[in-house]
Amino acid sequence: VSPQLATYYYEFNTTRPPFNDPRVRLALNMALDKDIIAEKVLGQGQRPAWLISQPDIGGVKLQNPEYASWPREKRIAEAKKLLSEAGYSDSHPLVFNLLYNTSESHQRVAIAASSMWKKNLGVEAKLQNQEWKTMLDTMHTHNFDAVRYAWIADYDDAATFLNNFRTGDSENTSQYSNPAYDALSDKLAVEFDPAKRRQSVIDMQKIILDDAATIIFGYPQTNTISN
């Protein structure tokens with residue numbers, strides 16, 4: 001068992017409600033206990049995570065968002081505040097469909113996440129599952145609210161993960177779009193200076209975190225990743 005350059009995450013359909021609102025996306029991210037999911041729900045050496053690319057990939061040291069180190073109660077309180085600002089409450093709860101491909105481990109994560117959202121925020125995530133190829137078709141036709149996915153690095157550089165969130169990229173099935181992010185991605189693609197590349201990676205990660213473009217769950221091990 002050894003660490004793998006891979007990331008397990010949930011994508012949002014960022015072009016339609018409720019996930020066109022970054023406050024909703026961030027609230028769901030903050031309300032999860034990722035340590036429990038990695039260590040108890042999966043329990044095969046997965047590492048809890050907050051960053052789309054691993055914090056030490058390509059020799060670039062990256063920092064988790066500040067709220068990752070907050071006490072659980074503080075994160076949940078902030079998540080409740082964000083949902084309230086977005087117009088959701090006990091009388092108007094957030095309800096959405098969560099899609100995952102058929103797998104016992106993916107099902108366990110989905111059940112755990114939906115239970116945490118229900119307990120901590122009163123959010124109802126309705127679980128749906130499809131076979132792998134069917135789910136991919138659903139993703140590429142953008143016919144989902146939120147969906148489970150994972151990415152295994154093609155090479156030892158943060159760009160292999162970050163490129164998936166460029167506007168119009170074939171892997172950007174969430175349809176996330178941020179012009180500042182795209183500009184940094186273009187800059188990163190032609191930059192050879194290590195210090196400048198590092199800064200671009202840091203800035204891109206920050207945009208993804210600020211926009212809550214995705215929910216990162218963890219970094220798998222070589223014997224745990226699966227479709």
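Side notes on the structure shown:
- Per-peptide average of other Cβ atoms within 10 Å, ordering 163-174, 180-191 highest first: 163-174, 180-191
- Taking 0.36 nm per residue of sequence separation and removing the Cα-Cα distance, the Tyr67/Lys126 pair yields an extension gain of 18.6 nm.
- Relative to the current alpha-carbon distance between His142 and Ser84, full extension at 0.36 nm per residue lengthens the span by 18.2 nm.
- The stretch 36-119: C-alpha gyration tensor shape, a/c 1.5 cut-off, then a/b vs b/c: oblate
- Put a plus charge on the Cβ of each Lys and Arg, a minus charge on the Cβ of each Asp and Glu, and nothing anywhere else: the dipole of the chain about its Cα centre is then about 580 debye.
- Taking the DSSP beta bridges with both ends in the chain, the antiparallel portion is around 60 percent.
- Accessible surface area normalised per residue over the chain is 47 Å², counting heavy atoms of protein chains with a 1.4 Å rolling probe.
- On the chain, 49 percent of the accessible area sits on carbon and sulfur atoms, based on a 1.4 Å probe.
- The stretch between Ser170 and Val95 holds 24.2 nm of extra length on full extension. This uses 0.36 nm per residue minus the Cα-Cα distance.
- Taking the average, over residues, of other Cβ atoms within 10 Å as the packing measure, peptides 208-218, 68-78 rank 208-218, 68-78 from highest down.
- The stretch 142-227: C-alpha gyration tensor shape, a/c 1.5 cut-off, then a/b vs b/c: oblate
The values are calculated or read from the model by the stated rules, or taken from the named source; none is laboratory data. As the structure is a computational prediction, the values presented were derived from the model and not from experiment. Neighbour counts run over all protein chains shown; Cβ positions are idealised from the backbone, glycine included. These accessible areas exclude ligands, DNA and RNA; they are computed on the full protein's heavy atoms, side chains included. Shrake-Rupley method; radii C 1.70, N 1.55, O 1.52, S 1.80 Å.
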